Amino acid sequence: MPKRAFITGITGQDGSYLAELLLRKGYEVYGLVRRLGTSNLDKIMQIQDQLHLIEGDLLDHTSLDRALEVSEPDEIYNLAAPSFIGSSFKQPLLAGEIAGLGAVRLFDAARARVPDARIYQAGSSEMFGGTKVSPQNEQTPFHPKSPYGVAKVYAYWMGVSYRESNGMFIANGLTYNHESPRRGSEFVTRKISLGVARIAKGEQNRIELGNLEGRRDWGYAPEYVEAMWKMLQQKMPDDYVVATGETHSVREFLIEACNVAGIKDPMNILEVSDKNLRPVDYTLLRGDPSKIRESIGWEAKTNFKDLVRIMVEADLELVGCSRRI
């Protein structure tokens, strides 16, 4: 009998890559979608006929209970969360309900329905937020500064609580920024890669950005979902930082993207706007992946320049640009 996996957030960047990975490994894959008729299924369109999609919502415990009853998963991956961290400042209650309490609803439904299922809980570098310690590892104290980060810290500790109190297999992955051509266009990396592609095509003239000096530990999303899977193959559940261990600035990303697209002067296409500034921005967020490398043999393979190239080339193809400026 093939293993069964249940993924929340299956229509997102990580969920779609994880579903593809698990299908390649012979799993039966079930995914939670809020409403089949209105959900955006673009990222899973190529594999949709191989998936079992179940309607449900992290805000609704009854729907989660039913979804787990139907899917009877061996592994559960909780990837659903507000898609854009910046929006959590405008909707803090919703961020808490989905990213925080939503995880607990899932843990509790699993405890009742599939107590032996192995669970991956998606954490975030946002949980470290305003830390003064760099790089961060699994022992670094959390210091969230966004409502999203606060909610993720709550979900983390509730996962630990269910693990220790109920003997459940719950692994927390503290993932740093991971990007791909499937990133939403509201994220700065995709805003840049899609912007330079459209400029190369002659469809727009400028890219509007905020803080150019903001630094991120950027990795490649398909590699990060493999780390999630590896965590659930271990003998015992544990918590891991998933990162590259190096940071680059938004300015560096823009310059490298322009190099790929053949745009000679990045500053000529740039417009800096205060409306794109975060309420808080971080300069010290850099993950230490030593534990996951040494414990389960995972490490990031795609370097920064290759990540930018992959994203820009995909967007050049998307807009139908076969030339460089």
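Could you tell me how many of the residues in region 46-64 are of a type in the set (D, E, K, R) and part of a strand (DSSP E or B)?
1
Going by the conditions given, is ALA99 in contact with a strand residue (DSSP E or B) (Cβ under 7 Å, 6 or more places away or on another chain), more than 23 Å from ILE292 (Cα to Cα), free of Cβ contacts under 8 Å to residues at least 60 places away in the same chain and not in a loop (DSSP other than H, G, I, E, B)?
Spelling it out, it is not the case that ALA99 is in contact with a strand residue (DSSP E or B) (Cβ under 7 Å, 6 or more places away or on another chain), more than 23 Å from ILE292 (Cα to Cα), free of Cβ contacts under 8 Å to residues at least 60 places away in the same chain and not in a loop (DSSP other than H, G, I, E, B).
Just to be sure, is GLN204 closer than 30 Å to GLY167 by Cβ, open to solvent by 30 Å² or more (accessible area, probe 1.4 Å), in a loop (DSSP other than H, G, I, E, B) and in contact with a helix residue (DSSP H, G or I) (Cβ under 8 Å, 6 or more places away or on another chain)?
No: the conditions fail for GLN204.
Go through region 55-89 and give me each residue that's open to solvent by 30 Å² or more (accessible area, probe 1.4 Å), of a type in the set (S, T, N, Q), more than 17 Å from ALA151 (Cα to Cα) and in contact with an Asp or Glu (Cβ under 9 Å, 6 or more places away or on another chain).
none
Looking at region 186-215 only, could you name the residues that are farther than 14 Å from GLU271 by Cβ and free of Cβ contacts under 8 Å to residues at least 40 places away in the same chain?
Answer for region 186-215, where residues must be farther than 14 Å from GLU271 by Cβ and free of Cβ contacts under 8 Å to residues at least 40 places away in the same chain: just GLY202.
I need every pair where a residue in region 22-37 that is open to solvent by less than 40 Å² (accessible area, probe 1.4 Å) has its Cβ under 6 Å from the Cβ of a residue that is small (Gly, Ala, Ser), sequence separation at least 6 or different chains.
Taking only residues 6 or more apart or on different chains, the pairs are LEU22/ALA5; TYR27/ALA5; VAL29/ALA5; VAL29/ALA19; TYR30/SER71; LEU32/GLY56; LEU32/ALA67; VAL33/SER39.
Give me the pairs, please: first residue somewhere in region 256-273 and free of Cβ contacts under 8 Å to residues at least 60 places away in the same chain, second residue anywhere and of a type in the set (D, E, K, R) and open to solvent by 20 Å² or more (accessible area, probe 1.4 Å), beta-carbon distance under 9 Å, and either six or more positions apart or on two chains.
Partner pairs satisfying both residue conditions: GLU256/LYS305; GLU256/ARG309; ASN259/LYS305; ASN259/ARG309; PRO266/ARG251; ASN268/ARG206.
Tell me the residue from LEU209, LEU194, LEU174 that is under 25 Å from PRO289 (Cα atoms) and either under 19 Å from the mean Cα position of the chain (by Cα) or crowded, with 21+ Cβ neighbours inside 10 Å (or both), please.
Result of the check over LEU209, LEU194, LEU174: LEU174.
The values are calculated or read from the model by the stated rules, or taken from the named source; none is laboratory data. Given the structure is predicted, the values throughout are model-derived calculations rather than measurements. Cβ: placed from backbone, ideal geometry, glycine included. Neighbour counts: every protein chain shown. Ligands, DNA and RNA are stripped out before the accessible areas are found, and what is left, the full protein with its side chains, is counted by its heavy atoms. Shrake-Rupley method; radii C 1.70, N 1.55, O 1.52, S 1.80 Å.
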